[in-house]
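Here is the structure we will look at.
No value in this document is a laboratory result; all are computed from the given coordinates. Computed from a predicted model, the values in this text were never measured in an experiment. A quick note on method: Cβ atoms are made from the backbone with ideal geometry, for glycine too, and the neighbour counts reach across all protein chains shown.
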Amino acid sequence: PNRSQTPLLFGNYLHSFFESYQAHKDFVNEHQKELFSRGNKKNGLKKVYSQADKCIKALIHDEGFKNAYIGEKEAIVTGDIDNVPWMGKIDCLDLDDGVFFDLKTVDDIHKKHWNNEKHEYVNFAIDCGYDLQMAIYQELIYQTYGIKCTPIIIAVSKQEVPDKDIFTVNQFRLDDCMDDLRQHQQHMQQVINGESKPIACGECDYCRLHKKLGRIHDIQDIRLD
């Protein structure tokens with residue numbers, strides 16, 4: 001509940017720009033208080049959001065991006081995965097070429113992220129679950145249009161001089177992600193419906209708030225993130 005909204009606003013600032021002029025204008029007007037110094041456009045964008053403008057320029061001045069990022073923007077897709085309703089919004093959908101694009105803003109494309117479950121370092125896409133997101137989008141697009149599209153992730157970094165790159169997810173990994181989703185989503189749906197209790201992760205704000213002291217641990221068992 002106390003998580004900073006800055007990354008979300010940063011990403012939406014960039015996304016709305018590539019959706020349409022009107023969408024970007026509406027977003028800026030709606031979030032004027034958060035985006036501008038002292039909440040006033042006359043004072044200019046706060047430094048963190050000025051960086052978002054650099055990310056935008058890094059993409060619009062790239063010929064590869066301009067030639068690729070063509071299609072329906074913010075396309076709504078819906079579907080049913082094992083009797084659970086889903087809906088998604090695709091950043092850019094090109095049915096003619098059988099691809100869809102997803103824009104991602106990251107701190108550093110090449111930064112490594114520690115994964116507690118895998119006990120190894122992973123890249124930003126795996127760490128954030130973007131492979132699973134792309135698998136779900138592919139399935140929803142297929143259910144909506146009957147076309148199996150290839151996911152393309154276009155990443156741009158928030159570094160002073162933004163880095164940018166383009167990635168895909170192989171079909172084997174997409175299929176594996178869907179299998180994993182089908183194994184877990186029924187429990188997730190039951191939690192949403194109030195039919196089951198959530199399994200505590202022991203790490204989030206909610207778990208820390210409700211944590212009770214009990215078993216005594218040895219100092220050598222302290223988990224290191």
Across M87, M188, M178, the residue with the highest GNM fluctuation in the chain (Cα network, 10 Å cutoff) is M188
Pairs over 19 Å Cα to Cα, from K25/K73; K89/K112; K112/K148; K57/K111; K47/K89; K112/K211, come to K89/K112; K112/K148; K57/K111; K47/K89; K112/K211
Expected max-MSF residue from R182, R208, R173 in the GNM of the chain (alpha carbon, under 10 Å) is R208
Counting Lys and Arg as +1 and Asp and Glu as -1 over every other residue whose Cβ sits under 13 Å from the Cβ of F36, the net charge comes to +3
Contact order relative to length for region 105-167, counting C-alpha pairs under 8 Å separated by 6 or more residues, stands in percent at 34 percent
For region 48-130 the GluC sites (Glu not before Pro) that pass both the DSSP coil test and the at-most-10 other-Cβ-within-10 Å test are E117
Computed for the chain: size of charge dipole around the Cα centre, +1 on C-beta of each Lys and Arg, -1 on C-beta of each Asp and Glu, debye to nearest 20, value 1280 debye
Honestly region 1-61 on the Cα gyration tensor test (a ≥ b ≥ c root eigenvalues; a/c under 1.5 rounded, otherwise a/b vs b/c for prolate or oblate) is just rounded
Here the relative contact order (percent) of the chain, from C-alpha pairs under 8 Å and at least 6 apart, is 15 percent
Residues other than I147 with Cβ under 11 Å of its Cβ, Lys/Arg counted +1 and Asp/Glu -1, net out at -2
